[in-house]
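To start, the structure itself, in structure tokens.
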Amino acid sequence: VLLLHLLVDWFQKQNVLKHMDTRELRFSRAMVFAIEEINNSSELLPGITLGYQIHDSCASVPVAVQVAFQLANGLQQLYDSNTGCSRSGKVTAIVGESGSTPSMSMSQIIGYLFGFQADALAKLVKHFGWTWIGTVQSNSDYGNNGMASFLRAAHKEGICVEYSESFYRTDPQSKIQQVADVIRRFMTSGDMKILLEELARKPFPPRQWIGTESWGTAPEFLKFHFCAGAIGFGIPQSVVPGFREYLLDLSPAKAAASQLLTELWEGAFNCQLEKNIQKLKSPYTDTSQLRVTNMVYKAVYSIAHAIHNIVCKKINSTIQCDQFMKIEVNFSRNGYHVSFNANGDPVAFYELINWKTNENGGLEFVTVGHYDDSLPIGQKFNMIKNISWLDGGVQVPVSVCSDSCPPGTRKVLQKGKPVCCYDCIPCAEGEISNTTDCFPCPNEFWPNEEKNVCLPKPVEFLSMHEVLGIILAAFSVVGACLTIITAIVFFQHRASAIVRANNSELSFLLLFSLTLCFLCSLTFIGPPSDWSCMLRHTAFGITFVLCISCVLGKTLVVLMAFRATLPGDNVMKWFGPAQQRMTVVCFTFVQVLICILWLILNPPFSIRNLTTYKDKIILECALGSAIGFWAVLGYIGLLAVFCFVLAVLARKLPDNFNEAKLITFSMLIFCAVWITFIPAYISSPGKFTVAVEIFAILASSFGLMFCIFVPKCFIILFRPEKNTKKNVMGKK
């Protein structure tokens, strides 16, 4: 004989009156119905009879615990000795109490109660994007343990709980009022009814309700219309064939044979035996949503299948039983499947119930989806219908402490608040944001305006395609063209007095060097490379030294020419054309030597400058050796100062057309430009450094060009009467 024990809450104390809970009676009748089905089955446990005992816990935890101790210690009479069953064949199984709190108390004695619903509720809240909630639970084992499990699961899902309140149905009214505006989960139906009645006393702002199976499918709560739109889990309902007929197959004679059924009949019909139970409208006869009833039915069949799989075998007249055999239960019944995992736990499967307003204005339970914990993450919820939310709409309500931070900002937690409450502050310069925090872009990338994507930094250099580059290039070409035109004019009038008087050979060499000076500025425009960096600096240094060397040679010729006019002075023989050429070559060779050493030891090279500007890359030339650069520039300055000093000394020599005066002005401009260049070059950022260098080259070149050659060209072209030997020598 297998004895099954079921604990139910038949009686509840309310308003100091005792009455029967006919819904609980239906649970016990479902157990009897399932046992009779199994005992009459030829396929399941043939030859084995199941018996049962049903206990009333009176909704009392101490009573439930007392019965659990009695069952666990064998202190209860487990079977009727008159049946002839041997005590050695005794097997005891317990179907838990219909209330969760007493069942949890019993679980401490005979096993444990799994908390799948807490995890499922946390996933439900996360599924709808709610991260900011408040909770209320019964101050009982079911509520407190369930809430503790839920809070752990919610924390894993990133859900913040602003407050967590608890109360019990016997608490004073003041306590109920304190939590009346909090509507969340883990309350038994008895406690929930008290809270809803308190909330119904006066209007309150709409709230989205989420309920556990303990009250989320309780029909007596449908009268609270402010719960419209509530969602929650429900034990899957099922149809149990023949069960309704079994409940209604209750004649007065059968009712009289059972104390409980007699109390049912007396309570329903006021002791009138002629009444027909087929017309009775009560939770006992309501089989429209068999949820807990089906759980009782499934529990009995699960126990029967488990015993069926481990029936002891008789070997050599000895009954042998494997006490440590692994029990596997896996069966289907009435359209549902029952199985257990490796830990002995059933797979968590719930219906998602929505409280919808029907055509008559009342509330009804509608199954809108399912939760199956055996499915992969992201597929556990299967929605089959639209949910009607608290406002009657289909748009999911928002429940967050702080809105998601927009792109370009990051979260900063608010002091004393949970992690779901934060402020959004802009990301620092050069950073982008993802969903939670800011992080810097790589070196060669920069955020877009929204600060949500890192884009490659634009590369900047002095280009031929921009206005500044076009202007400087145009001046370079114009300067070179003017120099060439001047050379043509001089060549055509090479026999004239003014050309011959000013050392035509050095003049043509100076014009050639000026042309190179104008053209070398073009090497500074465009994307720099290692070769262009070496070319631009060395070409600049050598051409300018060649230019200054020619000017210096012309200045020396003027000085030597006037010294040669003294009686007996034969100095000009030491500074003839050959010596003039040698002077230019020697001065230029020194600069060539400096440039060669610079290129060999540490030449200029192109770099990607990431430090001058944060949001762009400057493509520029690094000096390589700063000593080499300043040596080249210093040597040019040294020659220019020397030339300027000699020109000043020769400026007042008696000549109607003294070239030394023109050289003095040209060197004055040259020195002024390059003295100004140094601080401008150091302080100019990026491509403007190159522009400053080009401007200095062009300005000094134009200064030499206009000061030395324009006055001569003006006389040659427009005042030819002055282009005579007498006029040049200052003779009347």
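Throughout, read-outs are computed from the coordinates displayed, never taken from laboratory work. As the structure is a prediction and not an experimental result, all values here were calculated from the model. With ideal geometry, Cβ positions are generated from the backbone for all residues, glycine too; neighbour counts draw on all protein chains shown.
Quick notes on this one:
- With the simple spin-label model, which puts each label point 7 Å out from Cα in the Cβ direction, the ASN309 to VAL419 separation comes to 4.0 nm.
- Residue among CYS454, PRO442, TYR422 farthest towards the positive dipole end of the stretch 409-456, charges placed on Cβ: TYR422
- Normalised convex hull volume, the stretch 186-245, alpha-carbon set, Å³ per residue: 103
- In this calculation the C-beta distance from GLN70 to VAL398 is compared with R0 = 56 Å, giving a FRET efficiency of 0.60.
- Karplus-based coupling profile of the stretch 438-446, in residue order and whole Hz: 9, 8, x, 6, x, 3, 9, 10, 8, with θ = phi - 60° in 6.51 cos²θ - 1.76 cosθ + 1.60 and x standing for Gly or Pro.
- FRET E, pair ALA626, LEU535, Förster distance 22 Å, beta-carbon r, rounded to 0.05: 0.70
- Close amide H partners of LEU290, meaning residues 5 or more places away or on another chain with modelled amide H under 5 Å apart, are SER238.
- Magnitude of the charge dipole, the stretch 409-456, Cβ model with Lys/Arg +1 and Asp/Glu -1, debye to 20: 380
- With both labels modelled 7 Å from their Cα along Cα-to-Cβ, the SER339 to CYS481 distance reads 9.0 nm.
- The stretch 143-176 versus the stretch 253-271: alpha-carbon centroid distance in Å: 41
- Restricting the stretch 396-469 to trypsin sites (Lys or Arg not before Pro) in coil, as DSSP defines it, with at most 12 other Cβ within 10 Å: LYS415
- Sorting the segments 605-613, 162-170, 96-104 by their mean number of nearby beta carbons within 10 angstrom, highest to lowest, gives 96-104, 162-170, 605-613.
- For TYR168, residues with placed amide H under 5 Å, excluding near neighbours: ASN139
- Each label point was placed 7 Å from the Cα along the Cα-to-Cβ direction; for ILE488 and LYS722 their separation is 2.4 nm.
- For the residue pairs LYS554/LYS712; LYS411/LYS616; LYS193/LYS298; LYS126/LYS411, the alpha carbons lie more than 25 Å apart in LYS411/LYS616; LYS193/LYS298.
- Rounded to the nearest 20, the Cβ-based charge dipole of the stretch 212-313 about its Cα centre (Lys and Arg +1, Asp and Glu -1) stands at 240 debye.
- Extension gain, SER683 to VAL239: 0.36 nm times the residue separation minus the Cα-Cα distance gives 151.0 nm.
- Summing Lys and Arg as +1 and Asp and Glu as -1 over all other residues whose Cβ lies under 15 Å from the Cβ of PHE688 gives a net charge of -2.
- Legend: ranking of residues ILE488, ILE694 from fewest to most surrounding C-beta atoms inside 10 Å; resulting order ILE488, ILE694.
- With R₀ fixed at 56 Å, the C-beta to C-beta distance from LEU610 to GLU162 puts the FRET efficiency at about 0.75.
- Whole-Å distance, taken between Cα centres, linking the stretch 192-220 and the stretch 424-466: 52
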